[in-house]
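> Shown below is the structure under consideration.
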Amino acid sequence: MEHPYEYRVLTKYVSFKIKGVPNQEQEAKELALALGKFANGLPEMLATMPDSAGWEVNSHSCALLAGNTLMVCILLQRPRT
């Protein structure tokens, strides 16, 4: 039996800059702003993917890399045609 969905992973790197003296509160604020900007652009990213019809976000994962870069992985799914 074939699985009813097909899947794709979208991976993006989100960088953020710390303004002023680095501290935990400032880092959290800048990270939240960068993630908000990324999330607002997600529908457009999905719409411009090759063969973009029907993809929906299933889940996501984030990892903070060295420096001020966040790796965001989005698991997409859509019904098989």
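The values are calculated or read from the model by the stated rules, or taken from the named source; none is laboratory data. Computed from a predicted model, the values in this text were never measured in an experiment. Every residue, glycine among them, receives a Cβ derived from its backbone with ideal geometry; neighbour counts consider all protein chains shown.
> Are any of the residues in the stretch 66-76 in contact with an Asp or Glu (Cβ under 7 Å, 6 or more places away or on another chain) and modelled with pLDDT of 90 or more?
yes
> Still on this structure, I have one more. Looking at the stretch 57-71, can you tell me whether even one residue there is aliphatic (A, V, I, L, M), exposed (fewer than 10 other Cβ atoms within 10 Å of the Cβ) and not in a strand (DSSP E or B)?
yes
> Next up: Could you list all residues from the stretch 57-81 that are over 13 Å from the mean Cα position of the chain (by Cα) and farther than 14 Å from A34 by Cβ?
Within the stretch 57-81, A66, Q77, R78, P79, R80, T81 meet the criteria.
> Scan the stretch 21-44 and give yes if some residue there is assigned to a loop (DSSP other than H, G, I, E, B), at pLDDT 90 or above and either more than 13 Å from the chain's Cα centre (by Cα) or acidic (D, E) (or both), otherwise no.
no
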